[in-house]
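The values are calculated or read from the model by the stated rules, or taken from the named source; none is laboratory data. Model, not experiment: these values are computed from the prediction. Here the Cβ is made from the backbone with ideal geometry for all residues, glycine too, and neighbour counts use every protein chain on show.
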Amino acid sequence: MALPQTAPPGLRPLLVAALLFAAASARAEEPAPQPVPRPAPTVISPPTSAEAGDASLSPECRVPGSQLYTLAKLRAVKAALKEKRPVRVLSIGGISAGLGASATYPVKLETALERSLPDVDVEVEARGLQGEIASGAAERLRSMVAELEPDLVVWQVGTHDALARVELSAFSDALDDTVRWIKSHDIDVVLVDPQYTASLADDAYYNDVVRTVREIAAREHVPLVQRYEAMRYLAGRADKGEGHMLGRQFRLNDLGLRCMAEHVTRAITLSLLQQEGGSREAPAQQAGQPAPSR
Amino acid sequence: MRDPNAIDFWRGLALVTIFINHVPGNTFERYTYSQYGISDAAELFVFLAGWSIGIATRGRDGHPEPRGRTVIRLLSRTIEVYRAQLTVMLLALASIAGTALVLDNPLILEWHNAGTFFADPIQTIVGVALLTHQLGFFNILPLYVVLLGIAPVFVLIARESRTAALVFSGGLYLLSLIEEWNLPSWPGEGDWFFNPLCWQFLLVLGFVLQDWNRESDTLARWSRRLMPAGVALVLFGIALAVLEIRPDPLRVPEPRLLFTFDKTYLTPARLIHFLGVLLAFRAVYGFLAPRIGPVAGYLARLGRNSLAVFSMGSLLSLGGQLLRFWTGGGLLIDLTILCLGLLAMGFTAWFVEWRSRKPRPRV
């Protein structure tokens, strides 16, 4: 099902380029699988037909599933669906730039979720979370969760801690604790890792933060939206070699955000579908391990 | 300029503590007292603000100044703080944007709530002016603006009856805790980081206690007697902080804010812990001041010029955060940030005092 395209006029050329890429992608090479995200800041080739961008996403947001999410069970959301009551979602975390983007993200998420879960009422509340998970913000998150008592927490995590360069172990422990705490109260969690930006592609610490989020999602069996990988993929696709520092990346950021509601929705929907199929506890597609391409 | 005194000294210490704590992850954070208790420097700052209002709205002889003058005085201070907040916000946003440009790194734009401004400037600039859009680490001044704005109400009530002021303020505090009232954020969803409806109680408490203390020595006598209880509370706070014990907000009974350690709502546990800190440390200044003369003088000078020093300190700590991010941090960087910060805060205080001594240049 195609989602509405709300691309502002300035992005149309980009859209066209994306579509052209998708059409002409059959001969292109598959990006090499990388077990740990230590990406080189190079252009990533467009998708092959086997690993084409997920067709349920808007064309400009199409990323192969393996680079977009890992799945896990969402018991509380499932229960809400079964009881036919509204699904309450708390979206927590930083908001990245993009004109008109921040105010519309919760609305977009709600719309996208309601579209992919027909006949279900979804209520999205969004909260910014100031401070670092490693010092204090985790406590505030608990208060927010207690205040709103959602079925699902969609948590964009890691940016502030990465900006403060807190100790990795402190970040990791606090994140793990908090995810476990949320789950212990029968509330589902979807983690969203930090965004990709070319200037940090070689920053070992930043990549470690992204990897930590990924590891904890795997360890705690919660779905993960690989925003980093998705944006890296889109960056490669959208790269037109624009050198000015106000050029490419600031626009990419915008794209990454506009796609995020769709990406998060996709991860949630598939996680729910996967449950219906009675699949295993383990994530169907592991982080950093793209699905077999042939 | 007034001589160093306990109020200015503690306020100076709170300013330094806030500066260090606002560079998260830095080495010296663990040496600030905020890490070893339930309440932190924010409580101290607001309480002392209330105490100072008590001093400022009376003459040296203890007679209250005319009502109209008190209202104008507080209004003028409110405007001053509001102006400081706008200036600081502008410079903070510019620093964030500038660093993002120089480092070619849009991630920095996501710095604690700044993303909303860069994403939706039309709405957010309105929010900045209304104080409903706040950056992380820059939310004390908006609280202060509201507190000073409503302070005349409490001050005038207290002129008639301190108990009435305290009951009114405490009632608002309790109701806000029970009903979870807070001022809204806008354009982002959510509420204020420091809830003025709750924090006003601490300001009024500071004001009323100062007033009481001026009239009789009952407070002084009782706080001497209760000092052991204060020490016990402080030790208990240290134990809880070190062992990371705190109530689970989803397991406490309703109304849950009466039982959690929530900073936004200044929950009772934080308030009680802070009162314990006051009792435990009330006599410390008299003991310390003669022994650490220059340090006490430095801190008191910061405290005397708290608005300028706080504004500068918050920008310096943002600079420190950005520097840590850019360089990757480390002990040397942290030490540099600390030393430069302390020097710059000292210079700010000195500069403000120098400027107020100098006759204004004629243009």
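Observations, loosely collected:
- Count of residues meeting criterion [touching a His at 6+ places or on another chain (Cβ under 9 Å) and within 16 Å of B:Thr264 (Cβ to Cβ)] in the range B:161-208: 2
- Within the option set B:Ala269, B:Ala241, being surrounded by 15 or more Cβ atoms within 10 Å (Cβ to Cβ), closer than 15 Å to B:Asp40 by Cα and modelled with pLDDT of 95 or more holds for one residue only, B:Ala269.
- Total residues in the range A:213-239, condition touching a Gly at 6+ places or on another chain (Cβ under 8 Å) and within 13 Å of A:Val179 (Cα to Cα): 2
- Residue within the range B:119-131 that is of a type in the set (A, V, I, L, M, F, W, C), within 14 Å of another protein chain (Cβ to nearest Cβ) and touching a Cys at 6+ places or on another chain (Cβ under 9 Å) present: no
- Given (1) without any contact (Cβ under 8 Å) to a residue 60 or more places away in the chain; (2) closer than 12 Å to B:Gly188 by Cα; (3) part of a helix (DSSP H, G or I), number of the condition B:Gln134 does not satisfy: (3)
- Here B:Leu135, B:Leu141, B:Leu148 are screened, and the one residue that is touching a Leu at 6+ places or on another chain (Cβ under 9 Å), within 14 Å of chain A (Cβ to nearest Cβ) and not β-branched (Val, Ile, Thr) is B:Leu135.
- Odd one out for B:Leu323, checked against (1) under 17 Å from the mean Cα position of the chain (by Cα); (2) within 13 Å of chain A (Cβ to nearest Cβ); (3) at pLDDT 95 or above: (1)
- Single residue of the range A:183-199 satisfying the filter (of a type outside the set (Ser, Thr, Tyr) and surrounded by fewer than 24 Cβ atoms within 10 Å (Cβ to Cβ)) that is nearest to A:Arg165 (Cα to Cα): A:Ala198
- Yes/no for B:Phe261 being touching a residue at least 40 places away in the same chain (Cβ under 8 Å), surrounded by 17 or more Cβ atoms within 10 Å (Cβ to Cβ) and away from chain A (no Cβ under 14 Å): no
- Total residues in the range B:199-218, condition under 24 Å from the mean Cα position of the chain (by Cα) and either without any contact (Cβ under 8 Å) to a residue 40 or more places away in the chain or not in a helix (DSSP H, G or I) (or both): 1
- Test for B:Tyr144: is it within 29 Å of A:Gly136 (Cα to Cα), surrounded by fewer than 21 Cβ atoms within 10 Å (Cβ to Cβ) and among the hydroxyl-bearing types (Ser, Thr, Tyr): no
- Residues located in the range B:239-252, provided they are away from chain A (no Cβ under 12 Å) and either under 27 Å from B:Val204 (Cα atoms) or not in a helix (DSSP H, G or I) (or both): B:Leu243, B:Ile245
- Search result, residues across the range B:95-107 that are among the aliphatic types (A, V, I, L, M), more than 7 Å from every other protein chain (Cβ to nearest Cβ) and crowded, with 18+ Cβ neighbours inside 10 Å: B:Ile96, B:Ala100
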